[in-house]
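Comments concern the structure below.
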Amino acid sequence: MSMALYEESVHKTFDRIKHSRLNAYITLDKENALGTAKGVDDGKIAGRLAGMTVAVKDCITTKGLLTTCGSKILSGYVPPFDAEVVARLRNEGAVITGKTNMDEFAMGTSTESSHYGPTKNPWDMTRVPGGSSGGSGAAVAGLECRMALGTDTGGSVRCPASFCGVVGIKPTYGLVSRYGVIAYANSLEQVGPMARNVSDAALLLDVIAGHDPKDSTSVPHDARYTDHLVDDVKGLTIGVPKEYFGEGTDMKVEKAVWDAIMTLNRLGADYKEVSLPHTKYALSAYYIIAMCEASSNLARFDGLRYGLRTGKDENWHATFSRIRAEGFGEEVKRRIMLGTYALSEGYYGKYYLKALKVRTLIKKDFEKAFKGVDVLAAPTMPYPAFRIGEHQDDPLSMYMADVDTVPVNLAGVPSISVPCGFAGKLPIGVQFIGGFFDEPMIIRTAHTFELNTDFQKLPEGF
Amino acid sequence: MDGEVIIGLEVHCQLNKLNSKLFCGCSTRQQGLEPNTMTCPVCLGLPGALPVINKKAVEYSIMVGLALNCEIAEHTQFYRKNYYYPDLPRGFQITQYDWPIASNGVLTVESDGGDRVVRIRRVHMEEDPGRLVHQGSIETSKFVLVDYNRSGMPLLEVVTEPDLRSPKEARRFINKLRNILEYLDVFDGSLEGALRVDANVSLKGGARVEIKNISSYKGVERALLFEISRQQNMKRRGVKVTQETRHYDDERNCTITLRTKEQAEEYRYYPEPDLVPLSVKGWEPRLREKLPELPDARRERFKKEYGISDDHAKVITSEIRVANYYECVAGKCEPRLAATWVADYLKGELNYRDMDIKDAFDPEMMVYIMEQLKKGVITDKGAVELMRALLDEGGHPKDIILARNLAKVETDVTKAAVTEVLKENREAIGDYRAGKAQAFNYLVGMVMKKTNGRADPSEVNLLLRELLECT
């Protein structure tokens with residue numbers, strides 16, 4: 001009876017992490033992980049995720065476990081409560097391995113802005129894993145956990161899924177509780193599952209989705225996503241939004257995505273070109289809204305109650321200003337300042353309100369498109385993983401990378417990214433976008449695609 | 001000063017009759033608690049914690065809106081007011097901005113020249129920040145402590161149009177508002193920090209000055225009086241009043257510059273994404289039905305039902321506890337007599353002692369006193385002494401009447417006292433007969449003294465006149 005299957009496997013995972021060069025984790029929780037695994041081995045802990053290793057992005061609050069958002073300003077912050085999604089993981093017997101690296105406060109597309117150093121892409125150690133949930137993406141691809149939670153504000157689950165060759169879901173806004181998710185831009189973000197295949201991602205979504213009265217934006221909606229893991233796309237109509245192709249998109253990416261559409265076509269799905277005419281305004285609207293919300297969401301970090309507290313205490317203004325100056329990185333400061341500016345009197349209408357109007361138009365674009373199609377297919381990212389440092393001196397070019405992911409967040413609709421090819425040794429992702437709460441449709445499409453193709457690979461050496 | 005003073009008020013009232021805070025489950029009962037013991041991740045603003053609106057707070061707010069004759073919104077929305085302060089754990093306050101829960105109301109208060117109709121611009125919900133505690137005074141304290149027990153307490157802000165014309169009217173407005181809130185049973189004005197007022201005041205044609213931090217009922221009138229005379233003095237000296245925000249120092253009774261127009265705060269209001277717009281469409285009829293009888297209606301009823309004067313009815317209904325007390329008494333004895341004794345005597349004695357009626361002797365005792373008065377067992381003077389004794393020392397009226405010998409003396413005792421006094425005061429009799437009216441009063445006084453005040457003054461009068469005429 002002393003098989004200790006799970007305990008042994010968790011040991012192996014931590015050994016792998018120990019010798020890893022990916023820098024996927026900020027904090028490990030080995031002791032508790034082993035405890036849970038043992039509990040599963042002993043039959044004391046059960047559930048749909050019993051014994052499965054799950055890594056949690058560091059912007060998701062974990063009781064008793066350091067939670068930093070990849071920022072210096074949250075140094076030493078140990079939350080006294082679990083995020084709702086974490087409570088649900090524990091409830092289903094998941095083995096939480098630790099907290100994954102991320103762009104500071106989820107502001108980025110590369111995980112380079114973390115105070116804890118960049119995470120590397122398992123497919124090419126000189127490249128970024130994508131962001132902001134880059135630690136989660138790399139950990140899943142690099143076998144440092146079975147699945148992981150990320151958060152997706154403007155593509156932060158789908159981008160690393162695409163760059164790391166794994167599956168990532170951005171659920172419909174309101175499907176998953178945000179209670180305990182440290183906000184970057186709270187009207188846009190959702191917690192999303194990441195895994196090496198669609199089945200695991202759907203299973204993880206089953207566990208974390210569902211109404212939570214502690215989050216007022218949470219919507220009561222019952223569904224069992226694993227029931228939609230079927231191999232069948234016959235009769236579906238796939239929309240191909242023309243605005244997501246063309247200028248700025250890597251040829252190899254375009255080809256891989258079209259190949260994916262053709263594969264689904266061969267499997268019985270119809271396809272047609274559609275237009276989402278306001279897509280070109282999405283990026284500007286997204287950054288204005290996200291920065292405005294960030295400027296307010298990040299105001300609480302003043303060092304008074306938790307987190308970084310350095311130097312001598314002076315008067316209130318001097319003290320909190322110094323702590324924020326020391327605690328926040330460059331990109332975070334940039335977004336706080338721009339957001340503060342855009343919300344100021346005289347600019348509010350010009351920027352924030354205008355961005356909200358664009359948001360409404362984009363939402364209508366999607367609603368209109370879904371009248372004629374069941375699901376949309378588009379590139380997740382316009383190009384494969386870029387080199388570490390490539391966009392360092394040019395934040396705007398980095399923002400441009402989010403062009404295909406942010407419309408989904410503005411509209412609030414769900415999207416799944418699955419591997420659909422390679423550019424050299426670098427993975428490429430296709431995203432399937434669904435209507436509101438139509439996760440079943442995108443899961444079914446992605447699962448069918450996955451079963452009938454061979455892009456689920458492990459990086460070389462793993 | 002009337003006619004040239006313009007005052008508008010922003011009154012913050014804690015809905016302290018709610019069980020829990022505005023956005024979390026923490027209790028609102030925190031009087032006497034250790035600092036920072038009634039908090040949770042939500043009201044401490046810990047990262048990731050989210051607010052959830054207290055539905056009952058919305059209902060209470062609608063009821064207040066209705067009582068102030070407001071229009072109730074169908075959709076209401078919360079906003080973030082962004083500013084940095086140590087008592088504000090999120091770096092923003094959740095409040096309302098556009099789409100307040102109620103607006104366009106009216107409340108009438110008495111003024112020296114008839115009724116003053118005060119328009120209510122808006123009524124909105126917001127959370128209270130924590131409380132700053134300084135060692136000693138704000139200027140000399142080396143550090144500041146923060147108590148977040150108060151953080152998230154439900155507040156209602158009532159904003160008037162600049163319709164008030166004197167500090168006295170402002171005080172009356174505050175008192176009436178407090179009274180209405182207490183009638184609605186959403187507010188207990190006797191708790192510390194329950195009510196805070198910001199006042200905008202200007203002289204006609206002059207700049208507007210905002211006075212912040214008025215935290216007592218009496219402070220409103222005092223702060224305004226000070227500020228108006230400050231502005232009038234400036235005007236007299238030909239100095240222009242500048243638009244600014246001033247802080248009211250209750251202890252020193254003065255206002256101090258806090259910030260000028262150039263330093264005006266920029267709050268970057270925007271809709272709170274964590275709280276979706278709230279539809280309260282259809283709530284109004286149900287809540288209107290729940291509205292209790294309000295002060296003005298009760299006053300009219302008292303006049304009709306008990307036949308009491310308008311003045312008495314006004315005094316009695318201007319505090320719900322006094323009105324309830326009176327109703328207990330009036331039902332069991334002569335209501336007009338009770339009105340005089342509750343409104344004139346009891347209230348006066350309570351005010352003198354700075355006591356609340358809830359700490360007074362119970363209505364049953366008042367009924368007993370009324371009965372004794374009516375039966376002629378005690379005199380008015382005796383009744384007053386009895387009430388004072390009850391307020392100061394407690395006990396039962398029956399025992400006090402005995403112990404203090406308050407029972408009215410019999411006629412023969414009075415007669416004996418009168419005879420004695422006349423014998424002892426020949427001179428006064430002479431004066432009386434010579435036409436000096438005060439000599440008679442002197443004699444009455446001597447009789448009362450002899451009977452330790454227990455003689456019935458009208459009886460003394462009668463006997464004295466009788467004897468003076470015939471001897």
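The values are calculated or read from the model by the stated rules, or taken from the named source; none is laboratory data. Just so you know, these numbers come straight off a predicted model, no measurement behind them. Virtual Cβ from ideal backbone geometry, glycine too; neighbours counted across all protein chains shown.
Structure data summary
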quantity: All positions within segment A:350-382 that are among the polar types (S, T, N, Q) and either touching a residue at least 40 places away in the same chain (Cβ under 8 Å) or surrounded by 21 or more Cβ atoms within 10 Å (Cβ to Cβ) (or both); calculated: A:Thr380
quantity: Selection within segment B:42-59 - more than 10 Å from every other protein chain (Cβ to nearest Cβ), assigned to a loop (DSSP other than H, G, I, E, B) and touching a strand residue (DSSP E or B) at 6+ places or on another chain (Cβ under 7 Å); calculated: B:Asn54
quantity: All positions within segment A:253-278 that are closer than 24 Å to A:Lys363 by Cα, among the hydrophobic types (A, V, I, L, M, F, W, C) and in contact with a helix residue (DSSP H, G or I) (Cβ under 9 Å, 6 or more places away or on another chain); calculated: A:Val257, A:Val274, A:Leu276
quantity: Top-ranked residue in segment A:79-130 [being part of a strand (DSSP E or B) and among the β-branched types (Val, Ile, Thr); ranked as surrounded by the fewest Cβ atoms within 10 Å (Cβ to Cβ)]; calculated: A:Ile96
quantity: Pick from segment B:435-461, criterion modelled with pLDDT under 85 and of a type in the set (A, V, I, L, M), ranking: nearest to B:Lys381 (Cα to Cα); calculated: B:Ala455
quantity: Single residue of segment B:300-318 satisfying the filter (of a type outside the set (A, V, I, L, M) and buried (at least 21 other Cβ atoms within 10 Å of the Cβ)) that is farthest from B:Tyr217 (Cα to Cα); calculated: B:Phe302
quantity: Hits in segment A:305-343 (condition: free of Cβ contacts under 8 Å to residues at least 40 places away in the same chain, within 30 Å of the chain's Cα centre (by Cα) and within 9 Å of another protein chain (Cβ to nearest Cβ)); calculated: A:Arg305
quantity: Helices (runs of 4 or more DSSP H) lying entirely in segment B:363-471 (those with 2 or more residues that are small (Gly, Ala, Ser) and closer than 28 Å to B:Arg353 by Cα); calculated: B:380-393
quantity: Any hit, segment B:140-154, residues being within 30 Å of B:Gly105 (Cβ to Cβ) and part of a strand (DSSP E or B); calculated: yes
quantity: Matching entry among A:Ser397, A:Ser417 (being part of a helix (DSSP H, G or I) and away from chain B (no Cβ under 14 Å)); calculated: A:Ser397
quantity: Residue, surrounded by the most Cβ atoms within 10 Å (Cβ to Cβ), within segment B:1-39, restricted to residues that are without any contact (Cβ under 8 Å) to a residue 24 or more places away in the chain and farther than 24 Å from B:Ser61 by Cα; calculated: B:Glu34
quantity: Condition broken by B:Thr39, with the remaining ones in (1) within 14 Å of another protein chain (Cβ to nearest Cβ); (2) assigned to a strand (DSSP E or B); (3) out of contact with any Leu (no Cβ under 8 Å at 6 or more places or on another chain) satisfied; calculated: (2)
quantity: Whichever residue in segment A:412-433 is buried (at least 24 other Cβ atoms within 10 Å of the Cβ) and small (Gly, Ala, Ser) and, among such residues, is nearest to A:Val176 (Cα to Cα); calculated: A:Ser415
quantity: Residue match in segment B:75-95 (condition: surrounded by fewer than 21 Cβ atoms within 10 Å (Cβ to Cβ), within 25 Å of the chain's Cα centre (by Cα) and of a type outside the set (D, E, K, R)); calculated: no
quantity: Of residues in segment B:251-278 being hydroxyl-bearing (Ser, Thr, Tyr) and within 25 Å of A:Tyr348 (Cα to Cα), the one nearest to the other protein chains (Cβ to nearest Cβ); calculated: B:Tyr270
quantity: Single residue of B:Leu258, B:Leu287 found to be in contact with a strand residue (DSSP E or B) (Cβ under 9 Å, 6 or more places away or on another chain), assigned to a helix (DSSP H, G or I) and either among the β-branched types (Val, Ile, Thr) or surrounded by 14 or more Cβ atoms within 10 Å (Cβ to Cβ) (or both); calculated: B:Leu287
quantity: Candidates A:Ala50, A:Ala55, filtered to the one that is in a loop (DSSP other than H, G, I, E, B), more than 13 Å from chain B (Cβ to nearest Cβ) and not basic (Lys, Arg); calculated: A:Ala50
quantity: Some residue of segment A:292-303 being more than 10 Å from chain B (Cβ to nearest Cβ), surrounded by 15 or more Cβ atoms within 10 Å (Cβ to Cβ) and over 29 Å from B:Cys43 (Cβ atoms); calculated: no
quantity: Contacts under 9 angstrom Cβ, first residue in segment B:208-222 being part of a loop (DSSP other than H, G, I, E, B), partner surrounded by fewer than 16 Cβ atoms within 10 Å (Cβ to Cβ) and not aliphatic (A, V, I, L, M), 6 or more apart; calculated: B:Arg208/B:Gln243; B:Ser215/B:Glu192; B:Ser215/B:Gly193; B:Ser215/B:Asp250; B:Ser216/B:Asp250
quantity: B:Gln93 within 25 Å of A:Gly180 (Cβ to Cβ) and either of a type outside the set (A, V, I, L, M) or more than 13 Å from chain A (Cβ to nearest Cβ) (or both); calculated: yes
quantity: Top-ranked residue in segment A:189-199 [being over 20 Å from A:Ala138 (Cβ atoms) and surrounded by 24 or more Cβ atoms within 10 Å (Cβ to Cβ); ranked as nearest to the other protein chains (Cβ to nearest Cβ)]; calculated: A:Glu189
quantity: Answer from A:Ala209, A:Ala185, A:Ala202 - the residue that is of a type in the set (A, V, I, L, M, F, W, C) and either at positive phi or within 14 Å of another protein chain (Cβ to nearest Cβ) (or both); calculated: A:Ala185
quantity: Residue list for segment B:131-150, restricted to those being in contact with a strand residue (DSSP E or B) (Cβ under 7 Å, 6 or more places away or on another chain) and within 11 Å of chain A (Cβ to nearest Cβ); calculated: B:Leu132, B:Val144, B:Val146
quantity: Candidate set: segment A:60-73, residues that are touching a Phe, Trp or Tyr at 6+ places or on another chain (Cβ under 7 Å) and crowded, with 24+ Cβ neighbours inside 10 Å; chosen: the one farthest from the other protein chains (Cβ to nearest Cβ); calculated: A:Gly70
